[in-house]
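To keep things clear, I will list the structure first and then write my remarks on it.
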Amino acid sequence: MSERALEGIDALRDEAVRDVTDACMSARPDLEARFGRRGREACAEDIQFHIEFARASLEAGDNSLFISYLGWVSQVLETRGVPGDSLMVSLRALGEFFTSGLGADAGPLTEVLEAGCAALAEGIEPPAYDRPCPEPWEEADAFREAALAGDRENAARLFTQALQRSGSLHETEIHVVQPALYAIGRLWQENKVSVAQEHMASAIAQTLMGQGYGMVEPAGNIDRTAVFACPAGNQHAIGLRMVADAFEQAGWTVHFLGADTPLTALVQHIRELAPDLVGLSASLPDHLKGVREAVSGLRRALGKECPRIVVGGLVFNQFPPLAD
């Protein structure tokens with residue numbers, strides 16, 4: 001899809017969300033009567049996600065991104081009592097809106113939306129976003145239950161037990177914390193745990209990871225420096241924290257900038273620090289734009305002085321060709 005057409009999608013995004021939400025509510029008045037104002041707000045949020053994931057598929061030239069997302073969102077809606085045909089209605093309304101708004105430039109977008117409708121009609125298996133995942137250790141299941149229950153004491157005991165046995169912080173993180181949090185995410189997808197429980201479990205995990213850092217002895221300093229950041233828009237920083245911990249334990253000097261790092265701040269920090277490596281993370285397809293802008297922004301600002309850049313995160317685990 002041309003850059004002009006992508007810019008057109010961005011320019012029409014807010015109007016599309018309003019118009020398509022109205023169309024969906026008109027098509028299914030029973031849903032608005034049942035869920036009220038929150039139902040309309042949730043519908044608008046879903047439309048926004050439809051556009052973001054469709055756009056990511058266009059940028060990547062890979063419809064499987066959008067179809068995988070539809071498999072996920074259809075399960076989320078189904079487990080919350082929203083009829084499956086409402087998703088098809090929203091995709092068709094989006095196609096009509098952008099055909100009207102973009103004219104001939106809408107062709108690639110409508111093809112993605114039509115591919116999504118065809119896949120929904122055939123049935124899409126919900127994606128297993130927790131695969132690939134390292135083999136869980138014996139503490140992982142109990143850690144998950146403790147974190148969901150807000151039992152920080154028991155979660156700490158399990159984390160410490162695994163850490164003392166292994167002697168490795170990042171191994172404990174990826175064999176206990178990572179599978180536990182992936183499982184919790186899957187339970188939320190199936191409407192078996194609340195957003196509050198998911199956030200609480202993540203907060204407990206991050207606290208214990210921070211405490212665990214002081215319980216292991218890092219390797220000697222190897223005189224190399226790395227910066228790790230989630231570009232603007234990405235709030236999912238726990239996995240990147242694990243990567244940063246692994247580098248730090250291996251003797252690197254690490255600057256972990258965390259979630260939602262503005263591009264200007266990232267460029268300025270790297271210009272001043274001159275690290276050997278920059279790591280950028282994308283968890284979802286709609287984070288890819290931020291990663292691409294960060295890569296191009298760093299190369300443009302730093303030229304030949306730009307350090308090596310690596311990318312990673314859940315979306316690259318699922319679709320490795322996106323790294324290219």
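Read the figures in this text as sums done on the coordinates, not as results from a lab. Keep in mind that this is a model prediction, so the values were computed, not measured. Note that each Cβ is placed from the backbone with ideal geometry, even for glycine, and that neighbours are counted across all protein chains shown.
Things worth noting here:
- The range 133-287 shape via C-alpha gyration tensor axes, a/c threshold 1.5: oblate
- Dipole magnitude of the chain, debye to nearest 20 (Cβ charges: Lys/Arg +1, Asp/Glu -1, about Cα centre): 480
- Of the peptides 226-239, 20-33, 51-64, the order by per-residue mean of other Cβ atoms within 10 Å, starting with the highest, comes out as 226-239, 51-64, 20-33.
- Shape category assigned to the chain from the gyration tensor of Cα positions, a/c cut at 1.5: oblate
- Dipole orientation for the chain: of the candidates Phe66, Trp252, Gly123, Trp252 has the Cα lying most toward the positive pole (charges on Cβ; Lys, Arg +1; Asp, Glu -1).
- Helix-only CD estimate at 222 nm, as mean residue ellipticity for the chain, using -39500 (n - 2.57) per DSSP H run (n ≥ 4): -21000 deg cm²/dmol
- Considering only Phe97, Phe159, Gln197, the residue lying farthest towards the positive end of the dipole of the chain is Phe159, judged by Cα position with unit charges set on Cβ.
- The radius of gyration of the Cα set in the range 1-128, together with its Dmax, comes out at 13.9, 41 angstrom.
- Estimated dipole of the range 177-324 in Debye, rounded to 20 [Cβ of Lys and Arg +1, of Asp and Glu -1, Cα centre]: 320
- About the centre of its Cα atoms, the range 76-144 shows a dipole size close to 300 debye [charges on the beta carbon of Lys, Arg (+1) and Asp, Glu (-1) only; nearest 20 debye].
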